[in-house]
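Colleague: Before we start, here is the structure in question, set down as structure tokens.
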Amino acid sequence: MSTFKLGIVGYPLGHSLSPLIHSIFLDQAGLTGAYERFPVEPDGFESWIHEVAGTLQGFNVTIPYKIRIQSHLKSLSEEAQCIGAVNTVCVQEGVFHGHNTDAKGFLAPLSQLRTPLKESDALILGAGGASRAVAYALIQANCKALCFAVRNLERARPTVEMFQREDLHCHTAAQINLVQLEDMVQEDLNRFSLLINTTPVGMSPDSVASPLPTSLLAGLPEEALVYDLIYNPRETRLLREARSLGYRTQEGLPMLIHQAAQSFYLWTGQAPSAEALQAALSACSAHLQTDSL
Ligand code: NAP
């Protein structure tokens, strides 16, 4: 039986939950192996690629290497190309193939909730890396319109333009807009059945913050779902307020587990079982609680 050598490269890597998740997946699948942290400083990245990466079966890539890794790849999946970032690399006979599993990870909890996305209007707060995975996923699910609400229009424009370029597979018939968050009024929210926070606002330790004032949140239609990608804390202020206004909510931890499950499948050919997903969710949840004490 083969021994899987997996890992994550990034810098710094202090709070990554991936080693915990993948050790559970390996265990539950009855596979031998290990998932190691590789905190590699920017000066040492190319040496790590040449000396270490090729000895692994696969690895995750996180900040700041999600773009830099691309020059070392033999192939890039359509998802990774459209999202413009790689979070998973498969190593086959010393050659690297890049993927992005965030879009599938984002969609998995929504399909479990049986949330209809086709023809829906979605409001995305933020326009960074995670927002591109979210937008790609929503386009694949045939959303009718996507609106990015941001604090800085200039910095957000490349993300919006990426999805408007006709020469890419991610080009969409969906209407794509960009608005200044501070200019929005309550009535503007009325058409959105899905609100997704992709900013880090509300993340621990600044968990008293919310990316959206309650007065705006209250403008969503009553059937709306509010999804926060933040997983620490599990229930952010945005989600707490949305819940008290009667909206359905989705926290970010299941997305983290599902994107990891997709990576695991790419590396091992085995999809983690429902029990493995649940075990990883419980372990991460316990870990986050201990961390916040
Ligand atoms: P990123 O590339 O840095 O993008 C962050 C976005 O948020 C940018 O558009 C940024 O706008 C905006 N932003 C930052 N601070 C803001 C503020 N105070 N007010 C308004 N907008 C603000 O980060 P990312 O990789 O997309 O990650 C974003 C969040 O998603 C993080 O909390 C991360 O943990 C979470 N995430 C979760 C998962 C999961 O599996 N659950 C996966 C990926 C990411 P500017 O350009 O103006 O700075």
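Colleague: Considering only segment 271-280, state which residues are crowded, with 24+ Cβ neighbours inside 10 Å and not in a loop (DSSP other than H, G, I, E, B).
Modeller: Kept after step one, since they are crowded, with 24+ Cβ neighbours inside 10 Å, are these residues of segment 271-280: 272, 280.
Passing the criteria: only 280.
Colleague: Please pick out the residue among 118, 104 that is open to solvent by 20 Å² or more (accessible area, probe 1.4 Å), within 14 Å of the ligand (Cβ to nearest atom), within 28 Å of residue 181 (Cα to Cα) and not acidic (Asp, Glu). Step through it out loud before you land on a result.
Modeller: Details: 118 fails: within 14 Å of the ligand (Cβ to nearest atom).
That would be 104, the only listed residue that is open to solvent by 20 Å² or more (accessible area, probe 1.4 Å), within 14 Å of the ligand (Cβ to nearest atom), within 28 Å of residue 181 (Cα to Cα) and not acidic (Asp, Glu).
Colleague: Looking only at segment 226-244, which residues are part of a helix (DSSP H, G or I) and among the aliphatic types (A, V, I, L, M)?
Modeller: As a first pass, look at segment 226-244 and keep what is part of a helix (DSSP H, G or I): 237-244.
Answer for segment 226-244, where residues must be part of a helix (DSSP H, G or I) and among the aliphatic types (A, V, I, L, M): 238, 239, 242.
Colleague: Looking at 189, 256, 216 in this structure, which one is at pLDDT 95 or above, within 16 Å of the ligand (Cβ to nearest atom), farther than 28 Å from residue 76 by Cα and outside any loop (DSSP other than H, G, I, E, B)?
Modeller: Details: 189 fails: within 16 Å of the ligand (Cβ to nearest atom); 256 fails: farther than 28 Å from residue 76 by Cα.
Only one candidate qualifies: 216.
Colleague: Scan segment 128-153 and report the pairs whose first residue is within 16 Å of residue 192 (Cα to Cα) and in contact (Cβ under 8 Å) with a residue 12 or more places away in the chain and whose second residue is of a type in the set (Phe, Trp, Tyr) and within 9 Å of the ligand (Cβ to nearest atom), with Cβ atoms within less than 7 Å and a gap of 6+ or a chain change.
Modeller: 134/106
Colleague: Does segment 198-212 contain any residue that is of a type outside the set (A, V, I, L, M, F, W, C) and over 26 Å from residue 289 (Cβ atoms)? Reasoning before the result, please.
Modeller: So the first thing to find is which residues in segment 198-212 are of a type outside the set (A, V, I, L, M, F, W, C), and the list is 198-200, 202, 204-207, 210-211.
Checking the rest, the ones that are also over 26 Å from residue 289 (Cβ atoms) come to none.
Checked against the condition, which is being of a type outside the set (A, V, I, L, M, F, W, C) and over 26 Å from residue 289 (Cβ atoms), segment 198-212 yields no hits at all.
Colleague: Can we say residue 268 is in contact (Cβ under 8 Å) with a residue 40 or more places away in the chain, β-branched (Val, Ile, Thr) and open to solvent by less than 70 Å² (accessible area, probe 1.4 Å)?
Modeller: yes
Colleague: Is one or more of the residues making up segment 142-153 modelled with pLDDT of 95 or more, crowded, with 24+ Cβ neighbours inside 10 Å and in a helix (DSSP H, G or I)?
Modeller: Checked segment 142-153: no residue is modelled with pLDDT of 95 or more, crowded, with 24+ Cβ neighbours inside 10 Å and in a helix (DSSP H, G or I).
Colleague: Could you figure out which of (1) hydrophobic (A, V, I, L, M, F, W, C); (2) open to solvent by less than 20 Å² (accessible area, probe 1.4 Å); (3) at pLDDT 95 or above; (4) outside any strand (DSSP E or B) isn't true of residue 124?
Modeller: (4)
Colleague: Give the residue, chosen from 209, 224, 218, that is in contact with a Ser or Thr (Cβ under 7 Å, 6 or more places away or on another chain) and either closer than 21 Å to residue 150 by Cα or open to solvent by 30 Å² or more (accessible area, probe 1.4 Å) (or both). So that I can check it myself, show each step before the final result.
Modeller: Working: 209 fails: in contact with a Ser or Thr (Cβ under 7 Å, 6 or more places away or on another chain); 218 fails: in contact with a Ser or Thr (Cβ under 7 Å, 6 or more places away or on another chain).
Step by step, each of 209, 224, 218 is checked, and only 224 is in contact with a Ser or Thr (Cβ under 7 Å, 6 or more places away or on another chain) and either closer than 21 Å to residue 150 by Cα or open to solvent by 30 Å² or more (accessible area, probe 1.4 Å) (or both).
Colleague: Hey, another quick one. Is there a residue in segment 47-68 that is open to solvent by 40 Å² or more (accessible area, probe 1.4 Å), under 17 Å from the mean Cα position of the chain (by Cα) and farther than 19 Å from residue 136 by Cα?
Modeller: Yes: segment 47-68 contains one or more residues that are open to solvent by 40 Å² or more (accessible area, probe 1.4 Å), under 17 Å from the mean Cα position of the chain (by Cα) and farther than 19 Å from residue 136 by Cα.
Colleague: If you check residue 30 against the conditions, is it on the phi > 0 side of the Ramachandran plot and part of a loop (DSSP other than H, G, I, E, B)? Before you say what the answer is, go through the steps one by one.
Modeller: Numbers: on the phi > 0 side of the Ramachandran plot: yes; part of a loop (DSSP other than H, G, I, E, B): yes.
Criteria met by residue 30.
The values are calculated or read from the model by the stated rules, or taken from the named source; none is laboratory data. Model, not experiment: these values are computed from the prediction. Quick reminder, even Gly has a Cβ in these numbers, built from the backbone with ideal geometry, and neighbours come from all protein chains shown. For the accessible areas, the whole protein counts, side chains as well, though only heavy atoms, and no ligand, DNA or RNA atoms are used. Shrake-Rupley method; radii C 1.70, N 1.55, O 1.52, S 1.80 Å.
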